[in-house]
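For reference, the structure discussed in these notes is given below.
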Amino acid sequence: MTLFVFVASLIGAMAIGVPVAFSLMFCGVVLMWYMGMFNTQIIAQNMIAGADTFTLLAIPFFILAGELMNAGGLSRRIIDFAIACVGHIRGGLGIVAIVAALIMASISGSAAADTAALAAILIPMMAKAGYNVPRSAGLIAAGGVIAPVIPPSMAFIVFGVAANVSITQLFMAGIVPGLMMGLALVVTWLIVVRKDNVQPLPRASGAEQLRVTGRALWALGMPVIILGGIKAGVVTPTEAAVIAAAYALFVGMVIYRELAPRELPRVILQAAKTTSVIMFLVCAALVSAWLITAANIPAEITGLIEPLIDRPTLLMFVIMILVLIVGTALDLTPTILILTPVLMPIIKQAGIDPVYFGVLFIMNNCIGLLTPPVGVVLNVVSGVGRVPLGKVTVGVWPFLLAQTLVLLLLVLFPDLVIVPARWLH
């Protein structure tokens, strides 16, 4: 009955249009009332405790780094570098989008920011070259959702805090699955682009490639500093976020000189707005998480799926279907914050590696960013690229299927995540 009260109050609040953060707080109040322990101090204490975490400082700094990267010209130079390398081959602009998405993912960790930067520059170029525009927009959307899987990832930070799992281990474990997602997109793109009558870009000369690489070198050095510092144990993920923001600020203002001092207030304000939304969600979710534990809801769910506890692969398959369904209706961060406290006790009881589960859980949530009716990244591509949302939704399906197949492969063969993660860590 407690499980029913939790689910009904949460879904009921969201169904009538209550924002997710307030819905989480509402279902917490309902649970307290149902258990006869209503106390406003519980809400206040858990919300304050939720924000008072050093690890979460990484979120505002990585968001700021992404904003500075786009405003300071780093994103454009990464795309120029990818064009010089592979833009001349048939279907090359699609591969440019994927390569640029992978590089930018290793800098900002924000699906929306990376997708917006790619769509603004590449969709007009792809339309002019004769590519199918809805399919091109779908590819850029699918490339953008790799960002929360490849470190540094804000999604891993939120999951690591909510699940009490090492964020550094999550970062290292996400590298190979993220590259696999990119490879799957390349293969799918090369298959579907054969239908388009496209005009490849002229091959860049050796001198041009050297010039573009030289201009992009400062931008390309950013992921090396971030991931290298974390891998070497020199910095924590939080400290790496501060370095990333400072580096992006320095390169944008001093090296590329595209970020004027008068633009800083706008960039910082935008980063602050995004941070406030995420942090308020985290605080509200901590109230629900505490009450989920107090109400022993994980035990109720464990009782329902007890036959699957001894069959971890089948259990993972069922959980992935559940997360995929939830992801069609909720954004990335709310899904993590709602489901993590419910699922983690079950994962631990089944003997599944929490880091492995975290990677697949985040991958699944990223795929949810491409699925209607919410499809946050689809909306970003539609708005920035000026492509109707319905056409983007049709264009993304081949790439959505490819990434779902990668997820299925990782469910069936966990060592594809676990073994590289141990080696990298």
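Going residue by residue through segment 361-384, is there one that turns out to be of a type in the set (F, W, Y), modelled with pLDDT of 85 or more and within 19 Å of L170 (Cα to Cα)? Steps first, please.
Of the residues in segment 361-384, the ones of a type in the set (F, W, Y) are 361.
With the extra rule that they be modelled with pLDDT of 85 or more, the set shrinks to 361.
Restricting the remaining residues to those that are within 19 Å of L170 (Cα to Cα) gives 361.
Yes, the conditions are met somewhere in segment 361-384.
Looking only at segment 103-127, how many residues end up being surrounded by fewer than 24 Cβ atoms within 10 Å (Cβ to Cβ) and touching a Gly at 6+ places or on another chain (Cβ under 6 Å)?
Of the residues in that region, 1 qualify.
Within segment 311-332, restricting attention to residues that are at pLDDT 80 or above and not hydrophobic (A, V, I, L, M, F, W, C), which residue is farthest from I157 (Cα to Cα)?
R311
Could you tell me which numbered condition I225 fails, if it satisfies all but one of (1) in contact (Cβ under 8 Å) with a residue 60 or more places away in the chain; (2) closer than 27 Å to G252 by Cβ?
Condition (1) is where I225 drops out.
Does any residue of segment 412-420 turn out to be touching a residue at least 12 places away in the same chain (Cβ under 8 Å), of a type outside the set (D, E, K, R) and touching a Ser or Thr at 6+ places or on another chain (Cβ under 6 Å)?
No, segment 412-420 has no match at all.
Pick out, from segment 204-303, the helices (runs of 4 or more DSSP H) lying fully within it that include 2 or more residues that are more than 30 Å from A162 (Cβ to Cβ).
Filter on segment 204-303 gives 206-232, 264-294.
Which numbered condition trips up V212, out of (1) among the β-branched types (V, I, T); (2) under 30 Å from P414 (Cβ atoms); (3) surrounded by 14 or more Cβ atoms within 10 Å (Cβ to Cβ)?
(2)
So which residues in segment 65-108 are outside any helix (DSSP H, G or I) and over 17 Å from the mean Cα position of the chain (by Cα), if there are any at all? Don't jump to the end; show me each part of the working.
Of segment 65-108, the ones outside any helix (DSSP H, G or I) are 72-73, 87-91, 106-108.
Passing the criteria: G72, G73, G87, H88, I89, R90, G91.
Consider segment 111-131. How many of its residues are in contact (Cβ under 8 Å) with a residue 60 or more places away in the chain and either β-branched (V, I, T) or within 26 Å of G229 (Cβ to Cβ) (or both)?
Summing the residues that are in contact (Cβ under 8 Å) with a residue 60 or more places away in the chain and either β-branched (V, I, T) or within 26 Å of G229 (Cβ to Cβ) (or both) in segment 111-131 gives 4.
Can you give me the number of residues within segment 182-208 that are surrounded by 20 or more Cβ atoms within 10 Å (Cβ to Cβ) and either in contact with a Cys (Cβ under 8 Å, 6 or more places away or on another chain) or among the small types (G, A, S) (or both)?
Result for segment 182-208: 2.
Is there a residue being on the phi > 0 side of the Ramachandran plot and surrounded by fewer than 24 Cβ atoms within 10 Å (Cβ to Cβ) anywhere in segment 130-143?
First pass over segment 130-143, keeping only residues on the phi > 0 side of the Ramachandran plot: 130.
Still in the list and also surrounded by fewer than 24 Cβ atoms within 10 Å (Cβ to Cβ): 130.
Yes, segment 130-143 contains at least one residue that is on the phi > 0 side of the Ramachandran plot and surrounded by fewer than 24 Cβ atoms within 10 Å (Cβ to Cβ).
Determine whether M37 is over 22 Å from L322 (Cα atoms), of a type in the set (A, V, I, L, M, F, W, C) and surrounded by 14 or more Cβ atoms within 10 Å (Cβ to Cβ).
No: the conditions fail for M37.
Those residues that are closer than 29 Å to F159 by Cβ and either in contact (Cβ under 8 Å) with a residue 60 or more places away in the chain or hydroxyl-bearing (S, T, Y) (or both), I need them from segment 79-98; list them, please.
Within segment 79-98, just I98 meets the criteria.
Can you tell me which residues in segment 141-180 are of a type in the set (G, A, S) and either at pLDDT 90 or above or in a helix (DSSP H, G or I) (or both)?
Applying the first criterion (of a type in the set (G, A, S)) to segment 141-180 yields 141-144, 147, 153, 155, 160, 162-163, 166, 173-174, 178.
Correct list: A141, A142, G143, G144, A155, G160, A162, A163, A173, G174, G178.
Only one of (1) surrounded by 24 or more Cβ atoms within 10 Å (Cβ to Cβ); (2) part of a helix (DSSP H, G or I) fails for L370. Which number is that?
(2)
The values are calculated or read from the model by the stated rules, or taken from the named source; none is laboratory data. Being a predicted model, the structure only gives us computed values, none of them experimental. We place every Cβ from the backbone using ideal geometry, glycine too, and count neighbours over all the protein chains shown.
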